[in-house]
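The values are calculated or read from the model by the stated rules, or taken from the named source; none is laboratory data. This one's a predicted model, so the numbers in the text were calculated from it and none came from an experiment. All Cβ positions, glycine included, derive from the backbone under ideal geometry; neighbour counts span all protein chains shown.
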Amino acid sequence: MTADAEGFFYPVIDQAVCIDCEECRKICPAAHADIFDAEVSYYALRVRDQEVLRQSTSGGAFSVIADVILNEGGLVCGAAYDEEHNVKHVVSGDISAMRKAKYVQSSLGEVFGKIKEALDSGRKVLFTGTPCQCHAAKKVFEGADNLWTASLICRGVQSPLFWKEYCRYLETQHNGNLSFYCSREKVKMDDAHTVVYTVGQDTFQTDYMKDPFSRIYAKELSLRPSCYACPYTTPGKAFDFTIGDYWGVEKDYPDLADGKGTSLVICGSQRARNLLEGCSDKADIRPADPEKSRQPALASSAKQGFLRKFLMKDFACKDSTGVSDIGMILKKYGN
Ligand SMILES: Cc1cc2nc3c(=O)[nH]c(=O)nc-3n(C[C@H](O)[C@H](O)[C@H](O)COP(=O)(O)OP(=O)(O)OC[C@H]3O[C@@H](n4cnc5c(N)ncnc54)[C@H](O)[C@@H]3O)c2cc1C
């Protein structure tokens with residue numbers, strides 16, 4: 001995977017070692033529309049463990065599902081920050097670093113090799129990620145019954161390079177090392193809409209919609225070009241699970257509208273429905289009405305406004321050290 005000028009990763013074939021078998025092209029998810037006709041069921045879910053709920057972006061659906069796979073001796077693959085705050089997929093039996101949404105394209109790195117090893121040894125693997133990543137995992141391991149998929153409802157991802165330059169900007173602004181960043185922290189009863197980060201000894205908090213970096217994401221100005229023509233904006237996908245925030249919970253289940261977060265879970269397989277049925281001791285799980293789904297990301301792609309072009313043009317202007325003027329970009333586009 002190679003980054004383009006905007007900092008997004010794309011697959012590039014190394015012609016020096018390519019044997020023209022065409023296998024990579026044959027399994028490329030972008031060339032297949034084979035997951036769009038699943039029969040799905042909708043649920044509202046909230047994990048009962050209050051600490052796990054606090055650490056989760058919405059209702060903790062990811063943790064509830066992952067725990068079942070781990071308790072059966074399996075492994076989980078999901079996105080975590082590394083020590084330098086790069087967002088990377090990892091395969092692990094410990095899911096704590098995978099919790100919380102990171103609104104950046106995650107690098108899959110070497111995880112498919114690790115998943116293969118686990119599947120070959122008879123272990124279950126839960127792959128979690130964006131719908132395009134889950135589709136890729138399903139294509140790579142087609143027919144592997146031990147692979148489970150939990151896709152996010154996803155509005156799009158931002159450039160890893162833009163993110164890294166933003167991290168460096170925070171470090172320069174506050175004169176220290178960034179040691180913690182969370183886009184969706186639950187410090188208030190606000191459905192995890194507080195940005196919290198620590199630089200040096202100081203911790204900073206901002207409402208999600210007042211934080212310029214988050215506003216640029218929410219205004220859909222910095223997404224990967226493919227996110228503006230996303231084919232996965234439909235609920236009927238054949239992933240075991242599709243999980244997201246339960247928008248409009250106050251209308252359907254007012255008793256859950258306390259700002260602690262509730263998950264929307266869409267099951268796309270019978271085995272997923274069975275797994276969820278077995279979780280009623282760990283989570284409050286209720287049926288939800290598909291007709292009432294208020295999720296824009298299940299209806300249409302993000303809209304590419306004309307400002308994206310200008311933002312990326314500004315981002316492409318680097319100083320002599322190769323860094324953009326992120327401060328100016330945040331001020332200009334994130335207000
Ligand atoms: C880029 C992005 C866009 C999203 N857009 C929407 C949306 O439009 N509507 C909506 O309802 N929900 C959206 N979500 C999902 C939502 O914010 C929660 O992440 C989801 O509900 C899971 O919450 P949880 O409480 O079950 O789990 P948590 O414990 O918070 O688990 C987070 C899960 O997300 C995965 N993850 C985190 N960051 C990334 C990443 N960068 N790439 C791939 N996987 C990642 C982890 O592997 C883990 O499985 C988005 C998430 C991301 C990362």
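A few points about this structure:
- Each residue in segment 147-191 was checked for being part of a loop (DSSP other than H, G, I, E, B) and at pLDDT 95 or above, and 10 of them qualify.
- Looking only at residues of segment 150-162 that are within 11 Å of the ligand (Cβ to nearest atom) and in contact with a Phe, Trp or Tyr (Cβ under 8 Å, 6 or more places away or on another chain), we find that the one that is farthest from Ala316 (Cα to Cα) is Ala150.
- Residues satisfying the stated conditions in segment 99-112, i.e. within 6 Å of the ligand (Cβ to nearest atom), hydrophobic (A, V, I, L, M, F, W, C) and not in a strand (DSSP E or B): Ala101
- One residue alone among His135, His85 is surrounded by 18 or more Cβ atoms within 10 Å (Cβ to Cβ), more than 9 Å from the ligand (Cβ to nearest atom), in contact (Cβ under 8 Å) with a residue 60 or more places away in the chain and at positive phi, and that residue is His85.
- Test: residue in segment 31-54 that is among the aliphatic types (A, V, I, L, M), more than 15 Å from the ligand (Cβ to nearest atom) and without any contact (Cβ under 8 Å) to a residue 12 or more places away in the chain: yes
- Considering residues of segment 200-233 that are polar (S, T, N, Q) and farther than 19 Å from Gln304 by Cα only, the residue surrounded by the fewest Cβ atoms within 10 Å (Cβ to Cβ): Gln201
- Of the strands (runs of 3 or more DSSP E) lying entirely inside segment 228-324, those containing at least 2 residues that are touching a residue at least 60 places away in the same chain (Cβ under 8 Å), in the same structural domain as Arg99 (by TED's automatic domain parsing) and within 30 Å of Gly334 (Cβ to Cβ) are 241-245, 263-267.
- Failed condition for Cys21, given (1) in a loop (DSSP other than H, G, I, E, B); (2) farther than 23 Å from Lys186 by Cβ; (3) assigned by TED's automatic domain parsing to the domain that holds Asp145: (3)
- Test for Tyr208: is it under 30 Å from Ser41 (Cα atoms), of a type in the set (Phe, Trp, Tyr) and within 13 Å of the ligand (Cβ to nearest atom): no
- Some residue of segment 113-130 being among the aromatic types (Phe, Trp, Tyr), near the ligand (Cβ under 10 Å from one of its atoms), assigned to a loop (DSSP other than H, G, I, E, B) and assigned by TED's automatic domain parsing to the domain that holds Glu51: no
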